[in-house]
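Scroll down for the structure; my scribbles are underneath it.
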Amino acid sequence: MSQSVPEPSSLRADRITMAYQDRIIGEDLSVDIADGRFTVIIGPNGCGKSTLLRSLSRLLRTRSGTVYLDGKDIHRSRAQDVAGRLGLLPQTAIAPPGITVFDLARRGRYPHQSILSRWSAQDEAAVHRALAQTEMTELADRPVDELSGGQRQRAWVAMVLAQESSILLLDEPTTFLDVAHQISLLDLFAQLNSDEGRTTVAVLHDINHAARYADDIIVMSHGRIVAHGPPVDVLTPELLAEVFGVEAVVIDDPVNGGPHIITRHRTRIPASVAPTREEAP
Amino acid sequence: MSPLLSRDHGAVTLRTPAVSGRMSTRALVACVLLLAATAATTLLALMTGKVGYSPGEVLAALVGDAPADVELFVVRWRLPRAVAAVTFGAVLGVAGALFQCVTRNPLGSPDIIGFSAGASAGGVAAVTLIGSSFAVVAAGTLIGGLLVAALIMLLSRGGGTGGFRLVIVGIGLSAMLVSVESWLVLTADLDVAQVAALWSVGTLNGTSFTHSGIAMALGIAAVVAVIVLLSRRLTLLDLGEDLSGALGADPLRTRTVAVLAGVLLIAIVTAAAGPIAFVALAAPHIGRRLAGMAGVALVPAACTGAFLLALSDFVAQHALPGRMLPVGVVTVAVGGLYLITLIVRENRKGVL
Ligand SMILES: Nc1ncnc2c1ncn2[C@@H]1O[C@H](COP(=O)(O)OP(=O)(O)O)[C@@H](O)[C@H]1O
Ligand SMILES: [Mg+2]
């Protein structure tokens, strides 16, 4: 595949405060997303991972601080320009009933289109390439709602790949998939990342998948980033105990190298998912 | 050398250096057939009446090549009404598709959620309190529609703009507006009341280019503008708020523009012909099903709306011998049945 994504770009947040109405989710948060690397965000439910992705992709206006894309305040850029550089696959995406895989992928081309140019040769080529990359070419004319969970997720990935953005933000792309489909999707992301140098950020739940696939791991807890770096540096028993409330040993992954986490038993449930007092025994 | 027109994945592609587009073959065929059926119905409407003419005579009259009496019947009397049915039908179809997309609800049509009732009450208020010129009625319907739009947005806040809550709020509002309308009609002078009452059923009787020509031209322009400017954004709204925003189309702006455009479309038709019910509800679904499209489908909705209203008006004129019904009576009768089947089906799916 000779086609390469546009120039690598830099995405960073500088002391941002993220909030929904009056509810502050995270304060004074700074993060640099390394260009061309595969970054995985982990953290307990409700700690603000999706909110961070929404802030980084211009969907949520930060209360204070600035998100920079290519050195420019992301809110000073046009939405359509941002969309040409940065793609997001949110958790909340909806497939209209009956839509085919091809039609879904096609909608990823919006940022590159205009009122007159609605289906250029580039659009067509990008959609076909995205379908080929996700191995969805055969299924292109099938309705998305008739596909298996793994295939459906690939259809969504084809949509966001057709967008041809140099940065890819993926919010829990593997949740609800069986382990084989999780691995095949992660292999695809890893391959896209290494072949094309596409900056990739994914929220994952499985810490061992994070350890195996990530160049960098961002660990979040209660709206803060508590660690950010290569898996070997980040995934320590102390951190796992602090953030996830699990007692774990970290060993060398005998198959793939890198750290591998084996949980011993639960020490405590992190506050964000802890039962209320009434429910506790 | 890529050809101007090509086909792939069941779709036809048009491509020149500046302009390109793609439409599924099935949708294209469905729209062409709907337009052909609309044209046939219109031809029939022009042929039929107290004096009947052959297709040849009608066509001759249309190109200005017929005796004066034929021209009088066909061009001066029957044509304005036939054109109004087609254009207003298309306008209503597109308006319905807009609201259904914004509310994410097949019942989210202006008939159900109260915009039509608002426009209608505004129009009746204008007729009874001020006068029945097009500008006055148009202003009344527009203000009525906008007020209801604002009220609905306010009342259904928190429950999200989608879903059941909007429909329930709209049904309540519609009922209230109908009673306001009745009160206005009852307290007005008899002759004014009669004009208002007739108008409030929705009728194309007595349509002329002098009176409704502006509405027809505005309607066509608005439909084309909405299709060209909004259709791509609306297909993104179908994918959810976040994805729409991430692809570069701010969902709030899309919604706002779509609602305003929808209110305007409804106001145009209502001002000229009164509230013609249920075309806006039925046309988008029927169009989408015929075209086999997923999510919002503006062009099929326009074609279906045009056909439905042309057919309804033909029935309204000729169902009872020697007596013209207001077209609103026909659309209510047919649309009511459609609404019941729709509710039963949605209910079974568990959407409601
Ligand atoms: N639209 C919203 N309005 C208000 N609060 C929200 C909204 N979305 C998420 N939250 C809250 O923000 C917090 C962080 O949510 P989120 O970023 O989705 O967490 P995560 O993705 O890590 O599970 C949660 O407590 C959640 O309830
Ligand atoms: Mg989340």
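The values are calculated or read from the model by the stated rules, or taken from the named source; none is laboratory data. Predicted model only: the values in this text are computed from it and were never measured. Cβ atoms come from the backbone with ideal geometry, glycine included; neighbour counts cover every protein chain shown. Heads up: the accessible areas ignore ligands, DNA and RNA and are worked out on the full protein's heavy atoms, side chains in. Shrake-Rupley method; radii C 1.70, N 1.55, O 1.52, S 1.80 Å.
A few notes on this one:
- Conditions (1) more than 13 Å from ligand 1 (Cβ to nearest atom); (2) buried (at least 18 other Cβ atoms within 10 Å of the Cβ); number of the one not met by A:Asp32: (2)
- Members of region B:242-256 that are more than 7 Å from chain A (Cβ to nearest Cβ) and open to solvent by 20 Å² or more (accessible area, probe 1.4 Å): B:Leu252, B:Arg253, B:Arg255, B:Thr256
- Residue check for A:Ser64: at the interface with chain B (Cβ under 8 Å from one of its Cβ atoms), among the small types (Gly, Ala, Ser) and in contact (Cβ under 8 Å) with a residue 40 or more places away in the chain: no
- Any chance B:Gly64 is crowded, with 21+ Cβ neighbours inside 10 Å and not hydrophobic (A, V, I, L, M, F, W, C): no
- Region B:158-169, subset open to solvent by less than 40 Å² (accessible area, probe 1.4 Å) and under 13 Å from B:Gln100 (Cα atoms), residue modelled with the lowest pLDDT: B:Gly162
- Region A:192-211 - residue that is in contact with a Pro (Cβ under 8 Å, 6 or more places away or on another chain) and away from ligand 2 (no atom under 16 Å from the Cβ) and, of those, farthest from the other protein chains (Cβ to nearest Cβ): A:Ala211
- Subset of region A:148-163 [part of a loop (DSSP other than H, G, I, E, B) and either β-branched (Val, Ile, Thr) or at pLDDT below 95 (or both)]: A:Ser148
- Of the candidates A:Ile25, A:Ile41, the single residue that is away from chain B (no Cβ under 14 Å), crowded, with 22+ Cβ neighbours inside 10 Å, within 15 Å of ligand 1 (Cβ to nearest atom) and β-branched (Val, Ile, Thr) is A:Ile41.
- Looking only at region A:86-113, and only at residues there that are surrounded by fewer than 22 Cβ atoms within 10 Å (Cβ to Cβ) and closer than 13 Å to B:Leu247 by Cα, the one that is nearest to the other protein chains (Cβ to nearest Cβ): A:Ala93
- Qualifying residue in region A:167-180 (condition: among the aromatic types (Phe, Trp, Tyr), over 24 Å from A:Ala34 (Cα atoms) and surrounded by fewer than 14 Cβ atoms within 10 Å (Cβ to Cβ)): yes
- Residue, farthest from the other protein chains (Cβ to nearest Cβ), within region B:223-241, restricted to residues that are open to solvent by 20 Å² or more (accessible area, probe 1.4 Å) and touching a helix residue (DSSP H, G or I) at 6+ places or on another chain (Cβ under 7 Å): B:Ile227
- A:Leu52 being modelled with pLDDT of 95 or more and more than 13 Å from ligand 1 (Cβ to nearest atom): no
- Scope region B:37-53; condition open to solvent by less than 50 Å² (accessible area, probe 1.4 Å) and among the small types (Gly, Ala, Ser); matching residues: B:Ala37, B:Ala45, B:Gly49
Matching residues to (1) over 18 Å from B:Gly206 (Cα atoms); (2) open to solvent by 70 Å² or more (accessible area, probe 1.4 Å); (3) polar (S, T, N, Q); (4) touching a helix residue (DSSP H, G or I) at 6+ places or on another chain (Cβ under 9 Å):
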{"site": "B:His285", "(1), (2), (3), (4)": "yes, no, no, yes"}
{"site": "B:Gly292", "(1), (2), (3), (4)": "yes, no, no, yes"}
{"site": "B:Ala302", "(1), (2), (3), (4)": "yes, no, no, yes"}
{"site": "B:Leu311", "(1), (2), (3), (4)": "no, yes, no, yes"}
{"site": "B:Ala316", "(1), (2), (3), (4)": "no, no, no, yes"}
{"site": "B:Pro321", "(1), (2), (3), (4)": "no, yes, no, no"}
{"site": "B:Arg345", "(1), (2), (3), (4)": "yes, yes, no, no"}
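- Residues of region A:114-149 satisfying the condition of being in contact (Cβ under 8 Å) with a residue 40 or more places away in the chain, at the interface with chain B (Cβ under 10 Å from one of its Cβ atoms) and open to solvent by 40 Å² or more (accessible area, probe 1.4 Å): A:Asp141, A:Asp145
- Entry remark, region A:174-208: residues being of a type outside the set (Gly, Ala, Ser) and in contact with a Leu (Cβ under 6 Å, 6 or more places away or on another chain) number 4 in total.
- Among the residues of region A:191-215, the ones that are surrounded by fewer than 20 Cβ atoms within 10 Å (Cβ to Cβ) and either part of a strand (DSSP E or B) or within 16 Å of ligand 1 (Cβ to nearest atom) (or both) come to 2 in all.
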